[in-house]
Amino acid sequence: MPHSPASPAPFPARPVVSRRRLLEGGAAVLGALALSASPVAAHAAGRRAAADETPEWNDFGVFRLGTEPPHATLTPYEDVKQALAGDRARSPYRLSLDGTWKFAYADRPEDRDADFHRTDVDDADWETIPVPSVWQLHGHDFPIYLNITYPYWGPNGLGEEPQPPAAPTRYNPVGQYRRTFTVPRDWKGRRTFLHFEGVKSAHYVWINGELVGYDEDSYTPSEYDVTDHLKPGTNQIAVEVYRYSDGDWMEDQDMIRVSGIFRSVHLYSTPAVHLRDFKLDTPLDATYTGAELAVTASVRAYGEGGTGRYTVETQLYDARGHAVWSRPLEQPVDVGAARAGEDVTVRAAKAVPKPRLWSAEHPDLYTAVLRLRDPAGKVTETLSHRVGFREFALKDGLMRINGEPVSIRGTNRHEMHPSRGTALTREDMVEDIKIIKRMNMNSVRTSHYPNNPYWLELADEYGLYLVDETNLETHGIRGEYPGDHPDWTAACVARAQNMVHRDKNHASVVIWSLGNEAGGGSTFTAMHDWIRSYDDTRVIQYEGDDRAGVSDIRSEMYDSPQRVEQRAKDTSDTRPYVMIEYAHSMGNSTGNFKKYWDIVRRYDVLQGGWIWDFVDQSLYTPVPARTLLTEAGPAGLRGEILATRGTLDRDKGLSGITVFERDDSLDLTGSLTLEAWVTPHVTGYHQPIIAKGDTQYALKQNGRTLEFFIHSEGQWITANWTVPDDWTGREHHLAG
């Protein structure tokens, strides 16, 4: 890749509300997007719509209303000292809305209270719920685990069987949230924004009884300018969350399905002329000893904002808090060059001699502090973001970090905690990343959606290469959707844009993923092309269609070791090959891991992979005072692990003996086959591998003999086989 500063496409303006409107302009999907605030008013009556009108959560032509354009994670600070500390909670311009909310639940939309958002509603007798959380773990509804099938097909759908893009209506729980808050007095005369980090799967927002907006895409922020809806003193916020929406067709990930406001919520305050977004690139020179910090800044005047010449001033600080430059980088901005509510975007770069480079092994970080000055030279806003100087690029047929080939020793990771579901705390994330680093892993794929923004900060700090994945999976319908359907393209591109804009300044993000198991088609070409036009500093990957033009690298899942070696020898495609999922490691598994890595180490073009997955997804539920192993699937059996002989190590899987309770399905007659995959370590006597009772059927090892026997009509029928000399320490597939 070139070492000169990147030239990204202009930042989008307000996001487009409608898929239809996006597509009318053809190339508009890839260009700047525009949205006025007027559609919110137009749809305000839609929440009390006539029976023949379609609500937004079931209107495939609408996926957001009244939202702000996506941007980098930011918090305004009081001064440079506070910005360098980066403690967002201490900023006087940020107000957390996490905590206890009033909560009401309905099993389906028609059962909800459509007037719950009114300021005169008495919620004194309502239940309460913590935010962030998922309501399935607080006494309402139930979690659903599925891999491919949609959760509203089959029994859960109560016979409705909706087809894409229609959302379910018979089973579609609704959670209604209310609370009050008081805006600090010194925010008067400024703009106030409401920011949700994650809500599953669609939601409406009201402030003081007035509709503010609507949004889908569960795993990226939803943000609203609520300035004109606020009043002095106490204000009321009401949020209505739908478990399912038409957007849920794009969220068919292999995971435990839960819902609610599962990430943090806060308000933040900015001046009327606001540094709305910024992009920080770190091009390195050809010798990897010098660099530049390239800053692309977007400034917007809101309402009666300001006019004249403002200045974006950027200073770079090292890890000890010392300024790198004697004079900051200055970028003049003529706010009057754009209409109110539109961005003015400026770009500039400044040399950074001999920076300490960032990598997973040496995650050296700097801090960029950006200040906005008004025409009189007064500082009106101070922002900051940590910066890692690094180059991750395809060169000479390999992915390289700062010029050196990288070996990916990674894991897929869902955001899941057995007590909290998807509502992870900061402490949960710190524990996860410490475990990952202790296990000598250097990469995480955020399967299968953008993770909590704090996770990216930890990855920057601890040193992980992240595959940042778009919230797009249509596993159950991937043979058809999104495919080449133009009415799906805008929503899919928007989901990629939401992720890229939020995460573009994180050194740890080295690969953008277009999604997971969503088939192929022109939609993914459009997603690839937009990302490449905006950011040429990272690799783009997609497993569902890894052809050139969609994916920069070859990436497949669950190939056998032999297939992986065939890929390495394929000279018709010399792009790097990675195993985006492999060595399915849930439960007692990962037995042939060494085979994969013996092959990976033989071929440079094989650059590693990400096992499935980091930890078994599970939720704590009351169980008997025994350790049980439950087999998946409709014919699964429940077995008890014998404590004296077996152990259950969460890092390594199951070892020992499991006894299954009596079950009629085990009373086999006629022909039968017993199969097992074993790696024996000893050759002692009487070692059952699979056995039913004492005199029914068994496959066992007896000294240096394998025995398969059945007891039928009062007699033993036995077959013996002498084990070879290399029996122990090797994997064997046995059948009798």
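Quick note: the coordinates plus some simple rules give every number you see, no bench work behind them. Predicted model only: the values in this text are computed from it and were never measured. For neighbour counting, all protein chains shown are included, and Cβ atoms are generated from backbone atoms with ideal geometry for every residue, glycine included.
Among the GluC sites (Glu not before Pro) found in the stretch 685-736, those both in a DSSP coil and sparsely packed, with 14 or fewer other Cβ atoms within 10 Å of their Cβ, are 713, 731.
Backbone amide hydrogens, once placed in the peptide plane, bring residue 257 within less than 5 Å of 144, 145, 146, excluding anything fewer than 5 places away on its chain.
Approximating the spin labels as points 7 Å out from Cα along Cα→Cβ, the residue 718-to-residue 730 distance works out to 2.6 nm.
Using only the Cα atoms of the stretch 37-270, build the gyration tensor, take square roots of its eigenvalues as a ≥ b ≥ c, and label the shape rounded, prolate or oblate: rounded if a/c is under 1.5, else prolate if a/b is larger than b/c, else oblate. Judged from the Cα gyration tensor, the stretch 37-270 comes out prolate (a/c at least 1.5, a/b above b/c). Each residue of the stretch 661-675 was assigned a 3J(HN,Hα) from its phi angle through the Karplus expression (A = 6.51, B = -1.76, C = 1.60, θ = phi - 60°), giving 5, 4, 8, 4, 5, 8, 7, 7, 10, x, 6, 8, 10, 10, 10 Hz with x at Gly and Pro. The Rg/Rh ratio for the stretch 668-736 is 0.97, where Rg is the radius of gyration of the alpha carbons and Rh is the Kirkwood radius. How big is Rg to Rh over the stretch 285-387, alpha-carbon atoms, Rh as the Kirkwood inverse-mean-distance radius? On the Cα set of the stretch 285-387, Rg over Rh gives 1.04. Of the options (1) 2, 13, 22, 24, 19, 11, 5, 3, 1, 0, 0; (2) 2, 9, 15, 20, 25, 18, 7, 2, 0, 0; (3) 2, 10, 14, 18, 17, 13, 11, 9, 5, 2, 0, 0, only one is P(r) over Cα pairs in 10 Å bins from 0, in percent as computed from these coordinates, and that is (1).
The simple spin-label model puts a point 7 Å past each Cα toward its Cβ; for residue 563 and residue 160 those points are separated by 3.7 nm.
Centre-to-centre separation between the Cα atoms of the stretch 409-467 and those of the stretch 510-556: 22 Å. Among the trypsin sites (Lys or Arg not before Pro) in the stretch 364-467, those located in a DSSP loop and surrounded by at most 10 other Cβ atoms within 10 Å of their own Cβ are 378.
Note on the stretch 392-611: Rg/Rh from Cα positions, Kirkwood definition for Rh, rounded to two decimals, is 0.94.
Panel order for 553, 129, by other beta carbons found within 10 Å of each beta carbon, from fewest to most: 553, 129. Short to long, the 5 Å bins of the Cα pair-distance histogram for the stretch 399-466 hold 3, 16, 28, 26, 15, 6, 3, 2, 0 percent of all pairs.
Here the Karplus relation 6.51 cos²θ - 1.76 cosθ + 1.60, evaluated at θ = phi - 60°, turns the backbone of the stretch 57-62 into coupling constants of 5, 10, 10, 5, x, 10 Hz, with x for every Gly and Pro.
When only Cα pairs below 8 angstrom with a gap of at least 6 residues are kept, the chain shows a relative contact order of 11 percent. Working from label points 7 Å from Cα in the Cα-to-Cβ sense, the residue 533 to residue 318 distance is 4.1 nm. Across the stretch 392-611, the relative contact order, built from alpha-carbon pairs under 8 Å that are at least six residues apart, equals 20 percent. Residues 240, 313, 675, arranged from fewest to most other Cβ atoms within 10 angstrom of their Cβ, appear as 675, 313, 240. Taking the alpha-carbon centroid of each part, what is the distance from the stretch 351-381 to the stretch 96-171 in angstrom? Going from one Cα centre to the other spans 43 Å. Distant-in-sequence amide contacts of residue 389, defined by a placed amide H-H separation under 5 Å and a gap of 5 or more residues or a different chain, comprise 358, 366.
Backbone geometry of the stretch 275-291 corresponds, through the Karplus equation with coefficients 6.51, -1.76 and 1.60 at θ = phi - 60°, to 3J(HN,Hα) couplings of 6, 6, 7, 7, 10, 10, 10, 10, x, 9, 7, 5, 9, 6, 10, x, 8 Hz, x marking Gly and Pro. The ellipsoid equivalent to the alpha-carbon distribution of the stretch 203-293 has semi-axes of 34, 25, 10 angstrom, derived from the gyration tensor eigenvalues as √(5λ) and listed largest first. Put simply, the amide H of residue 615, placed in the peptide plane, has neighbours under 5 Å in 414, leaving out anything fewer than 5 places away on its chain. Going from the fewest other Cβ atoms within 10 Å to the most, the residues 446, 718, 425 appear in the order 718, 425, 446. Length gained on full extension, residue 114 to residue 378: 90.3 nm, using 0.36 nm per residue less the C-alpha separation. Over the stretch 329-435, the pair-distance histogram of Cα-Cα distances with 5 Å bins from zero comes to 2, 8, 11, 13, 13, 12, 12, 13, 10, 5, 1 percent, rounded to whole numbers.
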